[in-house]
Amino acid sequence: MGTLVEEIFSRRAGRQVRAGEILLLDVDYIMSHDNTTPLAIKAFRAIGKPIRDKSKIVLHLDHAYPAPNILAAENHKKIIEFVKEQELPYLFQQGVCHQVMIEEGFITPGAIVIGADSHSNTYGALGAFGAGLGSTEVGVAWVTGKCWFKVPETIRIELRGQTQPGVYAKDVMIHIAGLLGMDGATYRSVEFGGEYIDNLPMHERIIFPNMSTEIGAKCGLIAADAETLRYLAEETPAQGTFETLTPINPRYERVVEIDVSNLSPQVACHPDVDNVKNLEEVAGLEVHEVYIGTCTNARYEDLEVVANMLKGKKVNPLTRVIVTPASARILKKAMQTGIIEILMDAGCTVTGTGCGACIGRHGGILAPGERALTTMNRNFVGRMGSPLSEIYLASPATAAATALTGRISDPREVAELAGG
Amino acid sequence: MSKAWTFGENMNTDEIIPGRHNITTDPVELAKKVFCEVKPEFAESVRAGDVVVGGRNFGCGSSREHAPIAIKGSQVQCVIAASFARIFFRNAINIGLPILECPEAAADIREGDDVEVDLSSGAIFNRSTGNRFQAQALPDFVLKIAEVGGIVQFLKTHDIEELTA
């Protein structure tokens, strides 16, 4: 009985739990990456106790990978030496951590996964509890196999209707961020549901829990269903039968109903993710870089949308258009199907996978006075480089349209999309 | 005197310590860059015992623990805010950075005010305005961590089960 997060926690606790309770729960996996693992190792050494279960620890090198400087290289060295020393089974260098966690089958319905990365909420797309926390807690979980949670209250977002051509899950989520605000869901579980979500394929569903972080949420959840099971079976090595938990007689703190039918493409404007405008209001604004990447919007289907719009065309020659696939697997598939060739022929710079540009490390840093339109999930001042640069967030389709002109442009006006 | 350094709403961890500087884990090095873009004079001028004061949603954004470590490294005695983002709240408690949630105090305190804080009781006294405030009490299990100076210290002498016992 309860909301989805109450159901997941109740199953793990072995009794009915309610919002407000403090629980100490076993976690299934403990994720961290090259930016957060060094501090976790520091905490682990300070605690001075052995690892509880090595098979729960999943490490990634993605935030500054391949190393852009000596300090980053030292972090990678430290992590690899730790993996050797502790004989840990899982170290990945194949892409953005959250994408790899899903692709490699670590995320399954009802699982409880914590990560030293704020976008660990992403795992909620498959009906798993995913939450971000800090490095020290990761070190603690290595030793204990457990983590404390306050069972959160839930905000239900009920989405009705179907989006118009040219409008994607990213536009809907940016719209939600504008409605709720940057702290609109702090400490809350945000449950996304309704006919719009039911009809959405997994690669689009992932946007919602991923960006629930941007409104302060502890977790963002979508109940697992037939689409979740299809995705797991076809796209991941996850084996077995999975129980698809759903809310049962839930008591929500708040229900927000949204009809997506008439929504325009949305843009989250500098300097806040909740500074949201209809694309029409910002169309024509010059941009110096278009960045298509990150755990939010650089999956195969995103690259496919971009390639369909850029095929046979050239991007604006004075705009840097950078495409960073979310994982090596995505990059490989996009190579095999010709998408990478289309993007390169259009003048895009296709890079290896990773998070570098999104955190201002490398691979697309902005100069003072520059403006980027990106498929990322956050636009904090200075996030991608100079504190005097500006970041605008939008869908891959809006990014492709903008790449063609060097100005924020409407994807609905690109013929291939309008026709499709 | 304990000088107040004030910051606005939604002070995110990118602005507390930008990504290009959080590649080290050394508190002293991190403290040299803390708030470097939003308040460049902070790192050089802050004195041990000063107080950081924020608005709503302090510490939102990235989970980087470097943010509370950088603030702790600057030797301020605590952060007072109208509210804290959830990961920052956990991180601060876990690494032993005292935090006090008090919207009234956050609204009253101005840059440079002389602020007296009693961390054990949560009492806040703004000497500059003469106003007194009481911060929200931390939950018992959080106090267990805070009292010993962080989760690492707690685990050295306790089992994790004792947190919620």
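The values are calculated or read from the model by the stated rules, or taken from the named source; none is laboratory data. Please read all numbers here as calculations on a predicted model, not as lab measurements. Heads up, the Cβs are rebuilt from the backbone with ideal geometry, glycines too, and the neighbour counts pull from every protein chain shown. Protein only, heavy atoms only, side chains kept; ligands, DNA and RNA dropped before computing areas. Shrake-Rupley method; radii C 1.70, N 1.55, O 1.52, S 1.80 Å.
Over the whole of B:87-98, what's the average partner chain Cβ count within 10 Å per residue? Rounded to a whole number, please.
Shielding by partners across B:87-98 averages 4.
With every protein chain kept in place and ligands, DNA and RNA left out, what is the accessible area per residue of chain A? Probe 1.4 Å, answer in Å². Please list the in-between numbers first.
Details: 14100 Å² over 420 residues.
Per-residue accessible area for chain A comes out at 34 Å².
List the residues whose amide H sits under 5 Å from the amide H of residue A:390, counting only those 5 or more places along or on another chain, with H placed 1.01 Å from N in the peptide plane.
It is A:370, A:371, A:372, by chain and number.
Pick out, in residue order, every one of the chymotrypsin sites (Phe, Trp or Tyr not before Pro) in segment B:102-165 that is DSSP loop and has at most 10 other C-beta atoms within 10 Å; say none if there are none. Could you put the intermediate results ahead of the total?
Working: sites: B:125, B:133, B:141, B:154; in loops: none.
When the chymotrypsin sites (Phe, Trp or Tyr not before Pro) of segment B:102-165 are filtered for loop state and at most 10 Cβ neighbours within 10 Å, nothing remains.
Of all trypsin sites (Lys or Arg not before Pro) in segment B:94-165, which ones are in loop regions per DSSP and have a Cβ with at most 16 other Cβ atoms within 10 Å?
Details: sites: B:110, B:127, B:132, B:144, B:156; in loops: B:110, B:127.
Passing sites in segment B:94-165 are B:110, B:127.
Can you list residues whose amide H is under 5 Å from residue A:90's amide H, if they're 5+ apart or on another chain and H is modeled 1.01 Å from N?
Hits under the 5 Å cutoff: A:59.
Put +1 on the Cβ of every Lys and Arg and -1 on every Asp and Glu Cβ in chain A; which of A:167, A:375, A:242 then has its Cα farthest towards the positive end of the dipole?
The Cα lying farthest towards the positive end belongs to A:242.
Expressed as a whole percentage, what fraction of the accessible surface of segment A:266-419 belongs to carbon and sulfur atoms when a 1.4 Å probe is rolled over the protein heavy atoms?
It is 54 percent, rounded to a whole number.
Treating only the Cβ of Lys, Arg, Asp and Glu as charged (+1, +1, -1, -1), what charge dipole size does segment A:1-106 show about its Cα centre? Round to the nearest 20 debye. Provide the component values of the computation, followed by the final result.
Details: 13 positive and 14 negative charges, 86 e Å.
Rounded to the nearest 20 debye, it is 420 debye.
In the structure displayed, which of B:33/B:144; A:49/B:144; A:77/A:150; A:150/B:144; A:56/A:333; A:42/A:150 lie more than 24 Å apart, Cα to Cα? Intermediate values should be presented prior to the final figure.
Working: B:33/B:144 31 Å; A:49/B:144 20 Å; A:77/A:150 36 Å; A:150/B:144 15 Å; A:56/A:333 29 Å; A:42/A:150 26 Å.
Flagged as over cut-off: B:33/B:144; A:77/A:150; A:56/A:333; A:42/A:150.
With point charges of +1 on the Cβ of Lys and Arg and -1 on the Cβ of Asp and Glu, referenced to the Cα centre of the protein assembly as shown, which listed residue (A:213, B:141, A:305) lies farthest in the positive direction of the dipole?
Value computed over the given set: B:141.
What average count of beta carbons from other chains do you get within 10 Å of the Cβ of residues in A:133-146? Walk me through the intermediate numbers first.
Details: counts 7, 16, 9, 13, 8, 2, 4, 6, 1, 0, 3, 5, 1, 4.
Across A:133-146, the average partner-chain Cβ count within 10 Å equals 6.
At most 15 other Cβ atoms within 10 Å and a DSSP loop assignment: could you name the GluC sites (Glu not before Pro) in segment B:56-142 that fit? Mind showing how you got there, number by number?
Values: sites: B:65, B:101, B:104, B:111, B:116; in loops: B:65, B:111.
The qualifying sites are B:111.
Kindly compute the accessible surface that chains A and B hide from a 1.4 Å probe when together, both sides summed, and give it to the nearest 100 Å².
Values: alone 15970 and 8360 Å², together 20480 Å².
That pair of chains buries around 3900 Å² in total.
Taking the Cα centre of the protein assembly as shown as the origin, how large is its charge dipole in debye, to the nearest 20, when only Lys and Arg (+1) and Asp and Glu (-1) carry charge on their Cβ atoms?
Numbers: 55 positive and 72 negative charges, 206 e Å.
Around 980 debye, computed over the protein assembly as shown.
Report, to the nearest whole %, how much of the accessible area of chain B belongs to carbon and sulfur atoms, 1.4 Å probe, protein only. It would help to have the intermediate numbers written out before the result.
Details: 3060 of 6380 Å².
The value for chain B is 48 percent carbon and sulfur by accessible area.
Please compute the Kirkwood hydrodynamic radius of segment A:9-258 from all pairs of different C-alpha atoms, in Å with one decimal. Could you put the intermediate results ahead of the total?
Values: mean 1/r = 0.0535 Å⁻¹.
After inverting the pairwise mean of 1/r, the radius is 18.7 Å.
Per-residue HN-Hα couplings for segment B:18-25, Karplus 6.51 cos²θ - 1.76 cosθ + 1.60 at θ = phi - 60°, whole Hz, x for Gly and Pro?
Coupling constants for segment B:18-25: x, x, 6, 9, 8, 7, 9, 10 Hz.
Under a 5 Å amide H to amide H cut-off, with H placed in plane at 1.01 Å, what residues pair with residue A:407 once short-range neighbours are removed?
It is A:287, by chain and number.
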